[in-house]
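A short worksheet on the structure shown next.
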Amino acid sequence: IQVANQIAAGEVVERPASVVKELVENAIDAEASEISIIIKEAGLRSIQVIDNGKGIPADQVNLAFKRHATSKIFTSNDLFRIRSLGFRGEALPSIASVSEVTMNTSDGDSSTEIYLKDGEIVDQKASALRRGTSVLVENLFYNTPARLKYLKALSTELSHITDIINREALGHPDIQFRYVHDGKTLLTTNGKGRVNEVLAAIYGFRQAKDMVAIENDNLDFRVSGYVSMPTLTRASKSYLSLFVNGRYIKNYKLNQAIIKGYGSKLMVGRYPIAVIYIELDPQLIDVNVHPTKQEVRISKEDLLYDMIRDAIMAALQPVQR
Ligand code: ADP
Ligand code: MG
């Protein structure tokens, strides 16, 4: 079992940022309104995610660390309807197989503390937590030296973590996020549901003020979000974020639509900061493209491309009276 979990871990847990992503998405799935992420040494020493979500009943805690024992739905495209981020029941057992995990969780009635090493439960007892869940992951990859070796410089691993957290915060402006690395607070969001305030928290108030709202609707799609002015651009594509029904996705073609929207206003090699939310009928989407669920196929993608490009072109047009 341990070997199977470690093999699965190879797919799910590529680097510290993957652990952060899975734990934060579990907190979101648990309907948390506040999520704290506390990282030490770019996640290699420890990753802790604390939420005020619904917790796990005492008699189900050990199940959460069994493979495929998910409490969530299974069929792929339901994800985009029900908005549950996890669905394979693989993350916790995978993480536990390559680290030491201490989970504290309470559903309001019962509270449990469980400690696992090498994927095995070492200790399980009652805890004092009142509500929510805290997952502490220590010594990641200590038992998979090959994986450890493959990691990049700490600063690179940290920037992957920051990318993930920024995107989760942008995808969930109604959740209060707090992100601390080695004692330093790197992000706090207010959970008030306003994307421009999350943008200000991430990029700074002045930058966020220079971003413009975009919007475009038709029968199939609703597109909204913010894009930076052509004067405020970056040298990296990583500032482009697309969300479909609340889930962050990667899509080369739609990224191109964003860039097209700027036309000749964008200097070669520069990219805007853009956060685009796409709402659509889940029927229009196929998520079974890649195990990380980040790559999706969208029907009528050409139409969506045009809508995004046009929305940006319209928003960047100087107001004429
Ligand atoms: P998945 O998210 O794919 O269901 P995971 O391995 O990530 O699988 O989690 C297993 C199960 O543990 C979840 O289905 C959920 O029931 C429970 N769980 C994990 N994290 C939390 C959390 N922060 N709050 C409440 N329940 C959680
Ligand atoms: Mg999960």
The condition from (1) among the aliphatic types (A, V, I, L, M); (2) in contact (Cβ under 8 Å) with a residue 60 or more places away in the chain; (3) over 24 Å from N26 (Cβ atoms); (4) buried (at least 16 other Cβ atoms within 10 Å of the Cβ) that V275 misses is numbered (3)
Expected single match for closer than 27 Å to I175 by Cβ and in contact with a Phe, Trp or Tyr (Cβ under 7 Å, 6 or more places away or on another chain) among L232, L254, L284 is L254
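Here's the yes/no breakdown for (1) at pLDDT 95 or above; (2) touching a helix residue (DSSP H, G or I) at 6+ places or on another chain (Cβ under 9 Å); (3) away from ligand 2 (no atom under 16 Å from the Cβ):
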{"residue": "L85", "(1), (2), (3)": "no, yes, no"}
{"residue": "R88", "(1), (2), (3)": "no, yes, no"}
{"residue": "D107", "(1), (2), (3)": "yes, yes, yes"}
{"residue": "S134", "(1), (2), (3)": "yes, no, no"}
In the set L136, L140, L129, the lone residue that is buried (at least 23 other Cβ atoms within 10 Å of the Cβ), of a type in the set (A, V, I, L, M) and in the same structural domain as I38 (by TED's automatic domain parsing) is L140
If we scan segment 25-46, do we find a residue that is within 14 Å of ligand 1 (Cβ to nearest atom), outside any loop (DSSP other than H, G, I, E, B), more than 19 Å from L170 (Cβ to Cβ) and not basic (K, R)? no
When every residue in segment 38-83 that is more than 15 Å from ligand 2 (Cβ to nearest atom) and surrounded by 22 or more Cβ atoms within 10 Å (Cβ to Cβ) is compared, the one modelled with the lowest pLDDT is F80
In segment 51-69, residues that are outside any helix (DSSP H, G or I), closer than 19 Å to T112 by Cβ, within 9 Å of ligand 1 (Cβ to nearest atom) and touching a helix residue (DSSP H, G or I) at 6+ places or on another chain (Cβ under 9 Å) total 5
Is there a residue being in a helix (DSSP H, G or I) and hydrophobic (A, V, I, L, M, F, W, C) anywhere in segment 215-225?
no
Exception for T188 within (1) touching a residue at least 40 places away in the same chain (Cβ under 8 Å); (2) surrounded by fewer than 21 Cβ atoms within 10 Å (Cβ to Cβ) falls at (1)
inquiry  = Could you go through segment 217-232 and let me know if any residue there is in contact with a strand residue (DSSP E or B) (Cβ under 6 Å, 6 or more places away or on another chain) and modelled with pLDDT under 90.
reply    = no
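The values are calculated or read from the model by the stated rules, or taken from the named source; none is laboratory data. Since we're looking at a predicted model, the values are computed, not measured. Every residue, glycine as well, gets a Cβ built from its backbone with ideal geometry; the counts of neighbours run over all protein chains shown.
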